[in-house]
Ligand code: GUN
């Protein structure tokens, strides 16, 4: 069989377009609101991958005129200390969005910390109020990575009505909210996970296959229906024997690309879309400020 060339779903270019639109929106809103938008990214500890993500988010903020009020805490910071910082940020009139970079060190209770963020400033869309609105199909702040996936599909006019979607991974950050968003667009949705039996057969049934597990290249060509849309949410750092780092997704890109109809690259697919959606959520909260 000759190799096919799938359509690449270019998240990098779309994210750039969204950032320009947001920059213009901020320029339009700022005279009315009288201050720039503000986002506070809280990072606890020294997880190297998180440090890269946080730096990218802060740089993206600065490029479009969002004031980045990042705070970095040592790995032994207490729950109480973080809760009181969040309480202050909830009251701060110059802060429109608050994000706690995950994962947190083990001694911290992630869920109860996320509960303390005011739902209107929940830039990550992970507060139960915003997740509840998603379940009910009401408007609200949406989780960034799943929102980025949906935006990218829409950009390429990939309609989901009646299609079979399989999401591999059931995290609260990606798998669960994404399944709800796909359902909202009338896809028939399956969530697969570590206990799923015959994962390959489940995946092969998908018109839209989303990999969000955080395991390098676990989705292989035999697990993909010919012509399917393949969305790779994974960002895994692999080192070769010379200690050179390479980013790979959860999908074995080169081999799956020979089968898929559409596929996202890593890097340059969903990663930049996540950042764009974070900026978008911050601007959404900012635009509500004067109402
Ligand atoms: N860690 C990896 N991705 C994300 C994200 O989108 N939001 C947060 N808060 N933490 C993350």
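No lab work stands behind these numbers, since they all come straight from the coordinates. Since we're looking at a predicted model, the values are computed, not measured. Ideal geometry is used to build each Cβ from the backbone, glycine not excepted, and the neighbour counts take in all protein chains shown.
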Legend entry - Within region 152-162, considering residues that are assigned to a helix (DSSP H, G or I) and in contact (Cβ under 8 Å) with a residue 40 or more places away in the chain, the one farthest from the ligand (Cβ to nearest atom): 155
Inset, instruction - Among what's in region 253-271 and is touching a residue at least 12 places away in the same chain (Cβ under 8 Å), more than 12 Å from the ligand (Cβ to nearest atom) and in a helix (DSSP H, G or I), pick the residue that is surrounded by the most Cβ atoms within 10 Å (Cβ to Cβ). - result: 256
Inset, instruction - Look at residue 60 and say whether it is touching a residue at least 12 places away in the same chain (Cβ under 8 Å), more than 30 Å from residue 224 (Cα to Cα) and under 19 Å from the mean Cα position of the chain (by Cα). - result: yes
Legend entry - From the options 210, 275, residue that is within 16 Å of the ligand (Cβ to nearest atom), out of contact with any strand residue (DSSP E or B) (no Cβ under 7 Å at 6 or more places or on another chain) and either closer than 30 Å to residue 139 by Cα or free of Cβ contacts under 8 Å to residues at least 60 places away in the same chain (or both): 275
Inset, instruction - Name the single residue, out of those in region 64-83 being in contact (Cβ under 8 Å) with a residue 40 or more places away in the chain and outside any helix (DSSP H, G or I), that is farthest from the chain's Cα centre (by Cα). - result: 65
Legend entry - region 115-151: number of residues that are under 13 Å from residue 178 (Cα atoms), within 16 Å of the ligand (Cβ to nearest atom) and in a helix (DSSP H, G or I): 10
Inset, instruction - Of the conditions (1) crowded, with 21+ Cβ neighbours inside 10 Å; (2) within 13 Å of the ligand (Cβ to nearest atom), residue 101 clears all except one; give me its number. - result: (1)
